[in-house]
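These notes concern the structure reproduced below.
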Amino acid sequence: MIDTLLKISKLSIEFLLPEGSLKAVDGINLSVRKKETVCIVGESGSGKTVTALAIMRLIPKPGIISSGEIFFNGENILKIPENKMMQLRGASISMVFQEPFNSLNPVFRVSDQIGESVELHIGLKGLAKEQKILEVLKLVGIQDEKRVYNSYPHELSGGMRQRVMIAMGLVSNPSLLIADEPTTALDVTIQSQILDLLAELKEKLSLSVLLITHDLGVVNEIGDSVYVMYAGKIMEKGNKSEIFNNPKHPYTEGLLKSVPDLGPVKRRLYTIEGNIPNLKELPNGCRFHPRCPYAMEICKKQTPVETKFSSQHSAWCFRYQGGEEQNG
Ligand code: SF4
């Protein structure tokens, strides 16, 4: 417990729409240890981003956290007043968004945008503020930090803008960095550089990272632990080696088979048939059953419970009820 930085317990998030309530996240548990990189992986619409926004207490209306607890450093942050949460947000917990061009303000220079955090969270002004900004730009691998300091976002490349976003996230020395698809908008070479940078910064700054991605290649590169999410629920969790070398859930299996193979032998790319369900019309029983090649009668009627394979590795699937693999 002492080692745990973030602990999410039975978290549910609902959107209160005129036509009724829509549950985007349904009773999930998740934890991040100190200096650990935890990845939440799944298709669009699985509830990954809204989970991250819940940690920041930034769920857009009409969304609400309808139940559960989020402990950060042992304190339930769903119970603290908004002014205390504002101090935590951007200081102890930072978030880097998917598309830096949309997240950076186009009419302000980089110095103004990072400077706002420096003033607000560290209280530095004038020359000390400038030095702090240049220092953090250098920390994220920007060589010509003075030019970038004076630049507007449109004067920078996509990779450079993402480095600036990471610099903004790190300037207040957070203990948890939440990165939501931080490399999705970048080409492969720059993606690799940004992932290397995140891994390097995690070591250098003793950071914990919660990384949200649909890309198992990204998970493989920097993840320590993995949570596989589907239609608002966790389907499988484990350390990286357990998930990649011994996946138990058919959805995880499908995601792994869908990763393009760059080897010399060409093969047709596997796709998981069907689509993620509409949250307004969730299937009964296991939410994955309409797409699952192993679906059994019980899967259509009952919700699977957790089966543990090791202290970290669990899956929610009827194939393993009682610990024994069953045939569909
Ligand atoms: Fe497939 Fe059934 Fe397992 Fe769901 S519970 S993933 S439908 S085998």
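The values are calculated or read from the model by the stated rules, or taken from the named source; none is laboratory data. For clarity, every value in this text was computed on a predicted model and none was experimentally measured. Cβ sites come from the backbone with ideal geometry, for glycine too, and all protein chains shown count toward neighbours.
Miscellaneous remarks
- Selection status of Leu186, part of a helix (DSSP H, G or I) and within 20 Å of Ser103 (Cα to Cα): no
- Check on Ile59, touching a residue at least 40 places away in the same chain (Cβ under 8 Å), farther than 21 Å from Leu198 by Cβ and part of a strand (DSSP E or B): no
- Meets criteria (modelled with pLDDT under 90 and among the small types (Gly, Ala, Ser)) for Ser258: yes
- When segment 279-289 is filtered for residues that are farther than 27 Å from Ser241 by Cα, in contact with a strand residue (DSSP E or B) (Cβ under 9 Å, 6 or more places away or on another chain) and not aliphatic (A, V, I, L, M), only Lys280 remains.
- Some residue of segment 181-189 being buried (at least 20 other Cβ atoms within 10 Å of the Cβ) and either closer than 28 Å to Phe309 by Cβ or touching a Leu at 6+ places or on another chain (Cβ under 6 Å) (or both): no
- The set of residues from segment 181-213 being at pLDDT 90 or above and closer than 30 Å to Lys280 by Cβ comprises Leu210, Leu211, Ile212, Thr213.
- Pairs are defined by a Cβ separation below 9 Å, a sequence spacing of at least 6 or placement on different chains, a first member in segment 152-180 that is without any contact (Cβ under 8 Å) to a residue 40 or more places away in the chain and under 17 Å from Ser192 (Cβ atoms), and a second member that is among the acidic types (Asp, Glu) and part of a loop (DSSP other than H, G, I, E, B); the pairs so defined are Gly159/Asp187.
- Glu36 being touching a residue at least 60 places away in the same chain (Cβ under 8 Å), on the phi < 0 side of the Ramachandran plot and of a type in the set (Asp, Glu): yes
- Reported count of residues in segment 277-289, each being touching a residue at least 24 places away in the same chain (Cβ under 8 Å) and surrounded by fewer than 15 Cβ atoms within 10 Å (Cβ to Cβ), is 1.
- Pairing residues of segment 290-319 that are under 18 Å from Ile243 (Cα atoms) with residues that are more than 10 Å from the ligand (Cβ to nearest atom) and part of a helix (DSSP H, G or I), at Cβ distances under 7 Å and at least 6 apart in sequence or on separate chains, gives Thr307/Gly323; Ser310/Glu242; Gln312/Glu242; His313/Glu242.
- From Gly285, Gly263, residue being farther than 27 Å from Ala52 by Cβ and at pLDDT 95 or above: Gly285
- Note on segment 294-326: residues that are within 9 Å of the ligand (Cβ to nearest atom), assigned to a loop (DSSP other than H, G, I, E, B) and β-branched (Val, Ile, Thr) amount to 1.
- Members of segment 216-249 found to be crowded, with 24+ Cβ neighbours inside 10 Å and within 17 Å of Pro293 (Cβ to Cβ), listed by number: Val228, Tyr230, Met235, Glu236, His249
- Scanning segment 1-54 for residues that are among the basic types (Lys, Arg) and buried (at least 18 other Cβ atoms within 10 Å of the Cβ) turns up Lys7, Lys23, Lys48.
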